[in-house]
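Right, one structure below, let's go through it.
The values are calculated or read from the model by the stated rules, or taken from the named source; none is laboratory data. Just so it is clear, the structure is predicted and the values come from calculations on it, not from any experiment. Cβ coordinates were reconstructed from backbone atoms using ideal geometry, including for glycine residues, and neighbour counts include every protein chain displayed.
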Amino acid sequence: MEADELHEPHEPDAARLLRLQELMYTVGRRHTLASTCDDRAVPSSAYPSWTVFQSCLQNDLVSDSVDVVFNPIIMAPPNDFNTVYTVLKRTKEQMNALGQQVCPIVFDMGLLSKALEIVCAKPEEFKDVYPLEGGMHFMMSVFGGIGHIYGDAGLKQMLVESDVFARVTAEHILSGKYFDRALRGLVIVDEVLNQRFYHHFLEWVKANSKSIPSDLLDKIKDADADSVRSEENMTLLLNEIEADILPLLESFRSEGRASSPLFRFWDDYSTEVSLPMKLYLISSTGCPKKPEPCIEYAKYQISVNIAK
């Protein structure tokens, strides 16, 4: 099936809000970096780093304590069909005994195909059993796709020549390995591209005699962790950003894409690959409170846009 034949899920409202939060972070981070290069110098700011900003937004996600019980180890080769069958059978029996009819089981990339073959071959026996690829393995596939498309277009040079990563490390990152380093490196690249984009956007606003309300910029710049945690404050602020900044930003983006193939190339990366990737990461942590539509939407956007 071709990528364009897939059913495109509707963008949920939570995804729209997450996009506006990313724009808010870019604007606020710009003003933070304009005053200091040391994140520790502004401990009360909501923008020390992307991870801290997201943790402020998700402060109400408190999980109940649970007990983790490990199943007995199956002393058999893990890549053998009999071993995979035993795992599926035992897990289904145990989950049904606990009153859970639907049985999702997460496999790594190497074993997932074998589990799917078994479930398809015995549909009655494994009814309501759903072998799944873990989020980490999905993201590793995404990292490999990003490296294949953008690695030789400047992404590898950006990682290496900035002295952030060694050349061999960058090659492993862009081949889908080194999950933690890849995640950190691509978030850094995303922030650099967004800051350059916003810098030229401000110059465009000035050159075209347009303006952004100064009080709105002050609200974004002065936001702290407590104000970001307030759902009411965030809703009002995001609505102002959507009304006063987003239309100007889209006009600037349209002009840039029409005049520069290089602008269009990296704007595609930022908006169609990097942003959905961050949306998927945020949604996978349980934010928003009903993350499933956002996860489905983000995975679709990542898969289709990389396939293009």
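In the set (1) part of a helix (DSSP H, G or I); (2) over 21 Å from residue 266 (Cβ atoms); (3) under 21 Å from the mean Cα position of the chain (by Cα), residue 177 fails one condition alone, (1).
Select from the stretch 142-153 the residues that are loosely packed, with under 15 Cβ neighbours inside 10 Å and small (Gly, Ala, Ser) and list them in ascending order. Of everything in the stretch 142-153, just one residue is loosely packed, with under 15 Cβ neighbours inside 10 Å and small (Gly, Ala, Ser), namely 153.
The number of residues in the stretch 201-221 being assigned to a helix (DSSP H, G or I) and either of a type outside the set (A, V, I, L, M) or touching a Lys or Arg at 6+ places or on another chain (Cβ under 6 Å) (or both) comes to 9. For residue 179, the conditions (1) on the phi < 0 side of the Ramachandran plot; (2) among the aromatic types (Phe, Trp, Tyr); (3) surrounded by 15 or more Cβ atoms within 10 Å (Cβ to Cβ) all hold with the exception of (3).
Of all the residues in the stretch 236-269, those that are touching a residue at least 60 places away in the same chain (Cβ under 8 Å) and surrounded by fewer than 16 Cβ atoms within 10 Å (Cβ to Cβ) number 3. Is it true that residue 132 is in contact with a strand residue (DSSP E or B) (Cβ under 7 Å, 6 or more places away or on another chain) and either assigned to a helix (DSSP H, G or I) or without any contact (Cβ under 8 Å) to a residue 12 or more places away in the chain (or both)? In short, no.
Looking at 25, 47, just one residue is at pLDDT below 80 and aromatic (Phe, Trp, Tyr), and that residue is 47.
Filtered by the rule that a residue be assigned to a helix (DSSP H, G or I) and crowded, with 17+ Cβ neighbours inside 10 Å, the stretch 154-171 gives 155, 156, 158, 159, 169, 170, 171. Applying the condition of being on the phi < 0 side of the Ramachandran plot and charged (D, E, K, R) to the stretch 160-174 and asking which residue is nearest to the chain's Cα centre (by Cα) yields 171. Just checking, does the stretch 104-127 include any residue being touching a Lys or Arg at 6+ places or on another chain (Cβ under 6 Å), at pLDDT below 90 and surrounded by 14 or more Cβ atoms within 10 Å (Cβ to Cβ)? No: the stretch 104-127 contains no residue that is touching a Lys or Arg at 6+ places or on another chain (Cβ under 6 Å), at pLDDT below 90 and surrounded by 14 or more Cβ atoms within 10 Å (Cβ to Cβ). Going by what's in this entry, would residue 197 be described as farther than 23 Å from residue 142 by Cβ and crowded, with 19+ Cβ neighbours inside 10 Å? No. Just one of (1) within 30 Å of residue 244 (Cα to Cα); (2) in a helix (DSSP H, G or I) fails for residue 149. It is (1).
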